[in-house]
Amino acid sequence: MTHFRTMLAAFVAISWIAASVADAACPCGRCCEPAYTLVERTIMVPHYEQQKRTIQVTECKPVARQREVTVYRCVPEVKKVEQTCTVMTHEPRTRTEHYTVCNTTYREETRSYTVGVPEMQQRTGTRMVCVPKPVTVMKAVCQDHGHWEVLPCNCGCCQPHRVWVPQMVTTHVPCTVMKPDYVEEPYSYSVCVMRPVTKTCKVRVPEYNYETKTRQVTCMVPVPKQVTRMVDVVTYNHVPEKKTEHYTEMVPYTVDKEIYVPVCKMVPKKIVCKVPVPCSVCGH
């Protein structure tokens, strides 16, 4: 479809160029208008279709096989080898040891010490006391000094009635209030005081006397000694063995398969196009 559109566009462009050239070559200029006629033409259009084809494909299949392989097995071999080594043996030895002994003796000693004995004492001091004190202050009081008035009835059907007319008057009157007054007053209080008292007691005072003594001590001393002995030495020998091994091998083989492939063919198609007609005056 794309090739068809390309060829059609090329054909239209060539027709337009040919008509332009013809107009330019016309000796009469713009005296004659270009004329066109419809002509049926046959063009080749690409057409795609699916075709079945047979191809050869290589595939693999698993095949069980066996083979003989050589493996080496480690066989231990024990040998007796004479070996000289140094061992530590313990031998008893006697040595003279000096040590120090502490001898403790006690003696009595009189010592004095001070203790605190609680004692209550009376003391005096001053403190601030709040005493209420009467004070006269002026206070604003609002009073109603109104009066009664007799008003006639507006409708004239009833008797006159009395109405209170208010008159608010503010006056200042003296008032007694209690205000706090702080004064100092003496007072007495009890205090617990620790009075120092000296006492005596008897204590046992230790005295240390150090004395050096000597003693014989038996101990085990490590002594190196050369010894020859037979030891077991293990060596490993690699012994070859034949072993049958089973394995799977992928064997290739050829298979015929049918596939579909796109094939392009040129198919004839008829189209209608515009062709310029030569001028009847100038022949172009």
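The values are calculated or read from the model by the stated rules, or taken from the named source; none is laboratory data. Being a predicted model, the structure only gives us computed values, none of them experimental. Reconstructed Cβ throughout: ideal geometry from the backbone, glycine too, with neighbour counts over all protein chains shown. In case anyone asks, the SASA skips ligands and DNA or RNA and just uses the protein heavy atoms, side chains included. Shrake-Rupley method; radii C 1.70, N 1.55, O 1.52, S 1.80 Å.
Can you compute the label reach from residue 185? Point 7 Å from Cα along the Cβ direction, backbone N cut-off under 14 Å, restricted to the stretch 123-151.
125-133
Full-extension gain between residue 269 and residue 45, please, as 0.36 nm times their residue separation minus the C-alpha to C-alpha distance. It would help to have the intermediate numbers written out before the result.
Numbers: separation 224, 0.36 × 224 = 80.64 nm, distance 0.65 nm.
Additional length available on full extension: 80.0 nm.
Taking the simple approach of a point 7 Å from Cα along Cα-to-Cβ for both residue 253 and residue 36, what is their distance in nm?
Placing both labels 7 Å along Cα→Cβ, they lie 6.8 nm apart.
I'd like the carbon and sulfur percentage of the solvent accessible area for the stretch 34-154, probe radius 1.4 Å, heavy atoms only, ligands and nucleic acids excluded.
Values: 5220 of 10170 Å².
Of the solvent-accessible surface of the stretch 34-154, carbon and sulfur hold 51 percent.
Using a 1.4 angstrom probe, figure out how much accessible area the stretch 39-142 has per residue, in square angstrom, rounded to the nearest whole. Numbers along the way, then the final one.
Numbers: 8760 Å² over 104 residues.
Counting only protein heavy atoms, the per-residue value for the stretch 39-142 is 84 Å².
Report the label-to-label distance for residue 87 and residue 176 in nanometres (one decimal), using points 7 Å from each Cα along the Cα→Cβ vector.
A separation of 12.4 nm, rounded to one decimal place.
So how strong a dipole does the stretch 85-229 carry about its Cα centre when Lys and Arg Cβ are +1 and Asp and Glu Cβ are -1, to the nearest 20 debye? Mind showing how you got there, number by number?
Values: 18 positive and 12 negative charges, 255 e Å.
Around 1220 debye, computed over the stretch 85-229.
Using a 1.4 angstrom probe on heavy atoms only, work out the carbon and sulfur share of the accessible area of the stretch 178-284 in %. Write down the numbers at each step before the final one.
Details: 4920 of 8940 Å².
The nonpolar share, carbon plus sulfur, comes to 55 percent.
Any chance you could check the Cα centroid distance between the stretch 238-263 and the stretch 60-107 for me, in angstrom?
55 Å
Once the piece of chain linking residue 242 and residue 69 is laid out straight, how much longer is it, given 0.36 nm per residue of separation minus the C-alpha distance between them?
Details: separation 173, 0.36 × 173 = 62.28 nm, distance 0.58 nm.
Extra length from residue 242 to residue 69 when fully extended: 61.7 nm.
Taking 7 Å along the Cα-to-C-beta vector as the label spot, tell me the residue 227-residue 131 distance in nanometres, rounded to one decimal.
The modelled label-to-label distance comes out at 11.2 nm.
Using the heavy atoms of the protein chains alone and a 1.4 angstrom probe, what is the accessible area of the stretch 176-284 per residue in square angstrom? Walk me through the numbers before you get to the answer.
Details: 9080 Å² over 109 residues.
Value for the stretch 176-284: 83 Å² per residue.
With unit charges on the beta carbon (Lys/Arg positive, Asp/Glu negative), name the residue among 54, 90, 71 whose Cα is farthest towards the positive pole of the charge dipole of the stretch 41-90.
54
Apply the a/c threshold of 1.5 to the C-alpha gyration tensor of the stretch 71-217 and tell me whether it is rounded, prolate or oblate.
Oblate, because a/c is 1.5 or more while a/b does not exceed b/c.
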